[in-house]
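Here's the structure, in structure tokens; my notes come after.
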Amino acid sequence: MQEETIDIMPAYRKSALLVGTYIMICFVLRYIAVFVVNIVYSSLNGSVMPDTIYIIELCISGLMLQILPSIIGAFMFRRLGKNGKGIRTLYTIPKSNTRAIGNLPAVYGLGQAVNIITIIVTFLLTDRADPTRQLNTVSEMASTSPARALFMFFMLVVIAPVFEEFMFRGLIMDELKPYGNGFAIFTTGILFGLFHGNITQGLYTMAMGIALGYIANVTGSIFPTTIIHAILNSLGGIMILLMSTHGVQTFFLSGMDGDIPDEDMIWLAIFGIFMISLFIFIGIGLISAILKIKQIKRYKVPKVCPGISNGKKAAMLIFTVPAILAIIMIVDTFCGFSSGLIASLIGGGA
């Protein structure tokens with residue numbers, strides 16, 4: 001038993017260093033994205049249409065936060081090149097694919113339950129939370145124009161699921177799985193939540209990331225998790241599309257006192273039906289999630305690397321130089337210090 005521990009330690013140290021370095025690179029790219037977006041906004045604001053600036057900013061964000069990290073990660077985790085493990089193996093369609101995708105309500109219910117709790121706690125602690133804003137899970141990117149909303153829908157339903165699943169359930173989780181499935185699932189889920197860079201999104205995406213990690217581990221593929229991720233994001237995308245209509249915008253700005261034309265009332269009605277359906281779906285999904293968690297508890301998880309506790313593995317992952325730098329950047333991102341400073345410096349110099 002002791003020999004197995006000694007043999008596995010160097011390999012795990014190497015994997016921990018690799019994961020820590022990759023997360024650090026992801027957040028460095030986030031800083032670059034913030035800088036470039038602010039430069040673009042400062043340079044183009046007033047000279048081109050706001051919708052054009054918005055779409056350019058989204059393209060920069062998608063490139064720096066999802067596409068480029070995926071390309072870098074494919075090389076770092078040896079998925080490309082002569083001796084690479086290949087990318088295709090991550091997307092094999094499992095025999096239980098339909099059943100796996102059937103877990104969608106449970107994943108959504110679990111994530112949104114955490115989201116609602118976060119909103120309530122935020123409201124109680126700060127007395128400043130805006131429920132209408134918090135209901136939009138990508139509220140910082142909320143759009144007021146159909147063109148913006150359509151492009152955001154594309155980013156949410158295509159770009160984010162494909163590249164984020166590859167980054168987290170594909171690259172990072174696959175690297176950590178030899179050291180324990182449970183450890184790999186929970187570590188990847190936590191990192192997935194932190195990747196979103198704010199408390200509101202971070203906590204519920206953390207819960208959803210753990211659920212998606214479990215599905216990817218059971219099926220041995222990120223194909224079903226990519227589909228689930230895309231469908232879940234499409235719900236937020238539909239909300240953004242509906243909120244970009246004149247009737248819904250007028251209602252949120254003026255309430256029942258707003259003068260909403262009859263032809264726009266249909267969109268307000270559709271939005272109301274959609275939101276009611278969404279809350280029912282969340283309730284059904286939460287019940288499904290609770291039942292599935294109880295079912296999982298019946299099975300004993302086999303111990304992997306019994307000589308190394310999960311706490312020790314976590315400590316070895318955290319206390320590497322790249323991981324410590326990444327933690328500093330994560331804290332800064334959540335607090336918004338650097339992004340505010342960059343915006344003020346660039347805005348002030350324009």
To the nearest 0.05, how large is the calculated FRET efficiency for Tyr91 and Val321 if R₀ is 41 Å and r is the Cβ-Cβ distance?
0.75
In this structure, the FRET efficiency calculated for Ser344 and Met49 from their beta-carbon separation, with R0 = 25 Å, to the nearest 0.05, is 0.50
Additional length obtainable on full extension of the chain from Ile8 to Glu263, 0.36 nm per residue less Cα span
85.1 nm
The chain, helix-only ellipticity at 222 nm - DSSP H runs n ≥ 4, -39,500 (n - 2.57), divided by all residues, nearest 500
-24000 deg cm²/dmol
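Give the order of Glu165, Glu263, Glu175, Glu57 when sorted by the count of other beta carbons within 10 angstrom, beginning with the fewest.
Ascending Cβ contact count within 10 Å gives the list Glu263, Glu57, Glu175, Glu165.
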Do the alpha carbons of any pairs in Lys292/Lys313; Lys95/Lys292; Lys95/Lys312; Lys85/Lys294; Lys14/Lys294; Lys95/Lys177 sit beyond 31 Å of each other, and which pairs?
Lys95/Lys312; Lys85/Lys294; Lys14/Lys294
Put a dot 7 Å past each Cα toward the Cβ at Leu291 and Ile190; how far apart are the dots in nm?
3.1 nm
Could you pull out which residues in segment 6-43 have an amide N less than 16 Å from a spot 7 Å beyond the Cα of Phe334, following the Cα-Cβ vector?
24, 27
Only counting other Cβ atoms within 10 Å, I'd like Cys335, Cys26 sorted with the fewest neighbours first.
Cys335, Cys26
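Quick one: net charge around Asp174, please, counting Lys, Arg +1 and Asp, Glu -1 for every other residue with C-beta under 14 Å from its C-beta.
+4
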Sequence order, segment 163-168: Karplus ³J(HN,Hα) from phi using 6.51 cos²θ - 1.76 cosθ + 1.60, θ = phi - 60°, Hz rounded, Gly and Pro as x, gives 7, 5, 5, 4, 5, 9
Least to most buried among His196, His246 (fewest other Cβ within 10 Å first):
His246, His196
The chain, relative contact order [Cα under 8 Å, separation at least 6], %:
30 percent
State, to one decimal in nm, how far the label point of Ile227 lies from the label point of Leu80, with both points 7 Å from Cα in the Cβ direction.
2.7 nm
May I ask you to list, by number, the DSSP H helices of the chain whose Cα span along the axis is at least 20 Å and whose average Kyte-Doolittle hydropathy reaches 0.0 or more?
2-44, 104-126, 181-195, 199-219, 223-243, 262-297, 321-335
In the list (1) 20.6, 61; (2) 21.7, 68; (3) 21.6, 76, the entry giving Rg and Dmax of the Cα atoms in Å computed from the coordinates is (3)
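Quick note: the coordinates plus some simple rules give every number you see, no bench work behind them. Predicted, not measured: the structure shown is a model, and the values here were computed from it. Reconstructed Cβ throughout: ideal geometry from the backbone, glycine too, with neighbour counts over all protein chains shown.
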